[in-house]
Structures are given as structure tokens and as C-alpha cells.
Amino acid sequence: MKLQVAMDLLTTEDALELAGKVAEYVDIIELGTPLIKAAGLTAVTAVKQAHPDKIVFADMKTMDAGELEADIAFKAGADLVSVLGSSDDSTIAGAVKAARAHNKGIVVDLIGVPDKVTRAKEARALGAKFVEFHAGLDEQAKPGFDLNGLLSAGAEARVPFSVAGGVNLSTIEAVQRAGAEVAVAGGAIYGAADPALAAKELKAAIA
């Protein structure tokens, strides 16, 4: 299982600083949607140039103009680009077309999708490299949220998948047990007093 750091920061400088601390322990460096909106795709270029050996994920959360938006992100240096699972099939297919032209990959993010299992299978059939079972920050803040719903849906879908939303040292073993290919840790790394140590411990917890 790969470890992905989700950098929900707001400046390229902060992203480069964090990436520099944790790159040794992570496989995928994700530039979060707020970062891309605040700093632009030049942040993707900067991180890829600084860490050419890492998979760089532009969390675009594209909802329309799939081929165009994915193409822009791939040209900026992204290896993976996200498209929302709630978008039209043609949007996902367009993004996949761009990915194939660049020999890169599309991740379909199931945030807000009610029937995640069905949509995961559909997304994979449309050409997604993997599917992200994702609970956003707002959903995680609701009383009673836990990761088990995402994990059971991921295991049931039987497609390559990642899990994002509440991945930390106490849950990462369950994420791996569910069969995820990628564990996405955001706040557990960037919110830690020592992000490098947090990433190292998460990496070490992956069997």
C-alpha cells in the first residue's frame, strides 16, 4: 500500500517546505484543491521539479471540461489528476483521454456520491487508474463520523482504490486490511508538530 500526503496548504512555499520534510516517507504528494485554487498550477510544477521521483497528484476535483482541465494539469507536471465521481460519464472519459495522451492517470473522487460501490465500478470501467473513497473535512467534522463506511465500500467495490478522510496512525492498519492501494493522510501529517516523524510512523505502520 502506498502512502499519499494531502497538502491542504495555501502557498507554494509552504507546500515545498512540507514536501521537503516528508518526501522521504511518502509515495504520492497531493496538492490539495485549496492549494491549487490559491496558488495555481505553478505550485504543481514547483513540487514536481523539486521531487521528480515522486508521484504528484493535482486534486483538481474536476466537474466539467474533463479533457481540458486534466490536460492543463498534466502539462503543469501532474502525474495524477482527480475528477469528481458525481460528474457526467463524458467528463470522466474526457479526462481519461487526456491522461492516456500524457501516459498519466485519473483518480475518480467519490466525495458526496451516495452509492459509492456502483460508481466506483463505473469509474473504473471508464478508465480511472483508481477510485478514491473520500470523506471531506466537512463530513469528518460531523458527530459520529468514522472510517468504516468508506472501508467497507472500498472492499465491496473490488476495484483499485484509495481512502481519504480520517487516515491516521490508529486507522491505517484497517485501511490496509480493507485492501486499499493508497492511504491518504492529510491533517495527520501536515497538522502534526513534526510532520516528518508523523509521515515516518505512518509509513512504518504499513505492513
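The values are calculated or read from the model by the stated rules, or taken from the named source; none is laboratory data. Nothing here was measured: the structure is a model prediction, and the numbers come from that model. Cβ coordinates were reconstructed from backbone atoms using ideal geometry, including for glycine residues, and neighbour counts include every protein chain displayed.
For segment 81-103, which residues satisfy the criterion of being over 30 Å from Q140 (Cα atoms) and touching a helix residue (DSSP H, G or I) at 6+ places or on another chain (Cβ under 7 Å)? Correct list: G94, K97, A98, A99, H102. Taking segment 124-150 as the range and being more than 21 Å from A199 (Cα to Cα), in contact with a Phe, Trp or Tyr (Cβ under 9 Å, 6 or more places away or on another chain) and aliphatic (A, V, I, L, M) as the test, the residues that pass are V131, L150.
F133 meets the stated requirement of being crowded, with 22+ Cβ neighbours inside 10 Å, in contact with a helix residue (DSSP H, G or I) (Cβ under 8 Å, 6 or more places away or on another chain) and aromatic (F, W, Y). How many residues does segment 167-207 contain that are over 21 Å from K21 (Cα atoms) and part of a loop (DSSP other than H, G, I, E, B)? Matching residues across segment 167-207 total 7.
Any chance segment 167-181 includes a residue that's over 15 Å from the mean Cα position of the chain (by Cα) and within 21 Å of K61 (Cβ to Cβ)? So far as segment 167-181 goes, no, none of its residues is over 15 Å from the mean Cα position of the chain (by Cα) and within 21 Å of K61 (Cβ to Cβ). Scanning segment 154-166 for residues that are closer than 20 Å to G112 by Cβ and part of a loop (DSSP other than H, G, I, E, B) yields V159, G165, G166.
The residues of segment 131-156 that are among the aromatic types (F, W, Y) and either over 19 Å from S170 (Cα atoms) or modelled with pLDDT of 95 or more (or both) amount to a single one, F133.
Determine whether E13 is crowded, with 21+ Cβ neighbours inside 10 Å and of a type in the set (D, E). So E13 fails the test. May I ask you to verify whether E17 is over 23 Å from A135 (Cβ atoms), modelled with pLDDT of 95 or more and charged (D, E, K, R)? Yes; evaluated as a whole, the condition is true for this residue. Residues of segment 131-147 that are free of Cβ contacts under 8 Å to residues at least 12 places away in the same chain and over 17 Å from the mean Cα position of the chain (by Cα): A141, K142, P143, G144. The set of residues from segment 188-207 being in contact with a helix residue (DSSP H, G or I) (Cβ under 8 Å, 6 or more places away or on another chain) and either surrounded by fewer than 23 Cβ atoms within 10 Å (Cβ to Cβ) or among the aromatic types (F, W, Y) (or both) comprises Y190, A192, P195, A196, K200, K203, A205, I206, A207. Of everything in segment 114-130, what is without any contact (Cβ under 8 Å) to a residue 40 or more places away in the chain, surrounded by fewer than 21 Cβ atoms within 10 Å (Cβ to Cβ), part of a helix (DSSP H, G or I) and not polar (S, T, N, Q)? Give them in sequence order. Hits for segment 114-130 are R119, K121, E122, R124, A125.
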